[in-house]
1. Please state the relative contact order of the chain as a whole percent: Cα pairs under 8 Å, 6+ residues apart?
2. Report the per residue volume, in Å³, of the convex hull enclosing the C-alpha atoms of region 136-282.
3. Compute the projected area of the convex hull of the Cα atoms of the chain, averaged over all viewing directions, and report it in nm² to one decimal place.
4. Output wanted: per-residue J couplings in Hz (rounded whole) for region 344-350, from phi through Karplus 6.51 cos²θ - 1.76 cosθ + 1.60, θ = phi - 60°, x for Gly and Pro.
5. First check a/c for region 10-55, with a ≥ b ≥ c the square roots of the eigenvalues of its C-alpha gyration tensor; if it is under 1.5, answer rounded, and if not, answer prolate when a/b is larger than b/c or oblate otherwise.
6. Around LEU159, with a cut-off of 13 angstrom between Cβ atoms, what is the net charge of the other residues, counting Lys and Arg +1 and Asp and Glu -1?
7. Pairs LYS170/LYS284; LYS170/LYS340; LYS219/LYS241; LYS26/LYS81; LYS241/LYS266: which exceed 28 Å Cα-Cα?
8. Search the structure for amide H atoms under 5 Å from the amide H of SER238, placed 1.01 Å from N in the peptide plane, and list their residues when 5 or more places away or on another chain.
Amino acid sequence: MAVFDFAPLLTAGLPAPSARWTGLAKYSFVGGNNDADGVPVDELRAAADAVLAREGRSLATYGLAHGPQGYRPLREFLTAKLSRDSGIRVGADDIMIVSGSLQALDLVNQALLTRGDTVIVEQDNYQGTLTRLARLGVKAIGIPLDQDGMRMDALAATLADLRDRGIRPKYIYTIPTVQNPTGTIMPESRRAELLWLSRAYGVPVFEDDCYADLTWDGKRPRAIHGMSEYGGVIHIGSFSKSVAPALRVGFLVAPWQIMSVLLALKTDAGSGALEQMVLAEYCKPHFATHVPQLVRGLRAKLDTLLEALNAEFGTAAEFAAPKGGIFLWVKLPDQVDAMKLSQAALKRGVSINPGPEWSTDAAHSRSRLRLCFASPTHQEIREGIAVLAEVCREEFGVPVRSANVQRAEAGSPGRR
Ligand SMILES: Cc1ncc(COP(=O)(O)O)c(C=O)c1O
């Protein structure tokens with residue numbers, strides 16, 4: 001049968017085509033997936049029932065007749081939540097609901113970036129941000145992190161250097177509260193320094209706060225947006241990590257000058273209304289009690305992961321325990337090529353995110369990997385890490401010992 005050929009019609013500069021979905025690995029440590037046991041299914045069902053009974057007829061109108069910024073009760077919930085938790089004092093009209101914070105990333109990039117531009121980002125970073133920038137032909141300069149997040153001495157030096165070269169970066173993108181992938185939290189004093197630099201150099205801050213609800217002690221510094229007095233911060237957040245990522249509901253807070261441009265660029269006739277309605281109905285009575293419960297479950301899974309890594313990798317795996325969230329950023333010995341490890345592990349049913357896909361610095365991230373501990377069960381974490389250690393030993397000779405058992409060196413026929 002003749003097959004129509006679309007290839008000659010495709011535009012230039014497209015990303016590589018996707019592979020067909022073949023399902024999740026048996027032991028999946030990838031992506032920003034959450035804990036299935038943490039989804040408040042019964043309460044969401046009740047919320048859906050209640051809100052549909054009361055307001056279901058409004059689905060007949062695009063945007064529920066609440067305008068392009070989204071379902072108003074959800075924006076009102078966010079107004080109260082942002083003020084209470086993040087120190088962001090804005091009204092419902094300063095908030096825009098988006099289809100996951102990824103849409104906010106796209107809209108902001110579309111509004112601000114052109115090919116050849118420069119932006120500043122944290123060196124170890126969210127792959128979704130890095131791939132977007134690469135695709136747009138934008139140069140992302142990575143600033144190294146320490147235990148308190150983006151290093152301000154390095155940021156100051158980079159800003160000064162760029163200014164000397166006549167380059168004004170379009171934004172400083174940061175994930176200050178439970179950074180992805182390092183799990184650090186930037187203290188308030190450093191946020192103040194960041195704001196000072198942002199203002200001094202005339203470069204706005206793009207604050208991605210999607211993990212901010214998931215700190216182990218429930219405390220977080222004020223959002224950079226909340227500390228800013230000059231309006232140079234775009235803040236985005238999400239319900240993906242606190243309730244469920246498949247809902248695809250995020251939000252953006254920005255001054256009207258930029259919000260009005262983003263609204264003009266958001267040409268999807270509104271984000272999914274049912275999700276917004278159900279979330280608003282659910283969150284008002286339940287969010288404050290749901291989150292600590294979710295976080296307790298995540299913390300227990302992190303403990304299982306740390307135990308499994310200690311048992312299987314011993315001192316070969318180095319890491320700083322994250323201050324919250326769903327990821328652990330692990331450093332393996334230098335001989336480990338994380339890209340190769342991820343491919344070999346996948347063949348054995350274990351998926352991991354290799355460091356080079358999560359960093360602007362290939363050498364620094366070569367032997368690093370990111371593990372999501374939220375979605376696998378405790379048993380899957382234990383079994384998956386045991387398989388990962390075995391694959392790593394076979395491929396790279398480390399760890400030499402695991403689970404208190406001395407293993408043969410890599411390449412030894414006895415092990416294969
Ligand atoms: C830092 C960061 N920003 C944005 C996103 C996208 O989140 P959403 O599901 O809200 O689109 C993620 C998802 O993992 C993330 O880690």
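1. On the way: 733 pairs, mean separation 90.8, N = 416.
The normalised contact order for the chain reaches 22 percent.
2. Working: hull volume 21.3 nm³, N = 147.
Each residue corresponds to 145 Å³ of Cα convex hull volume.
3. Numbers: hull surface 96.5 nm².
Taking a quarter of the hull surface, the average projection is 24.1 nm².
4. 5, 5, 4, 5, 9, x, 10
5. Details: a/c = 4.05, a/b = 1.69, b/c = 2.39.
Oblate.
6. Here the charged neighbours net out to +2.
7. On the way: LYS170/LYS284 36 Å; LYS170/LYS340 35 Å; LYS219/LYS241 16 Å; LYS26/LYS81 37 Å; LYS241/LYS266 23 Å.
Too far apart for the 28 Å limit: LYS170/LYS284; LYS170/LYS340; LYS26/LYS81.
8. For SER238, the qualifying residues are PHE251.
A short reminder: the numbers here are calculations on the coordinates, not readings from a lab. This is a predicted model, so every value here is computed, not measured. Using ideal geometry, Cβ is built from the backbone for each residue, glycine included, and neighbour counts are taken over all protein chains shown.
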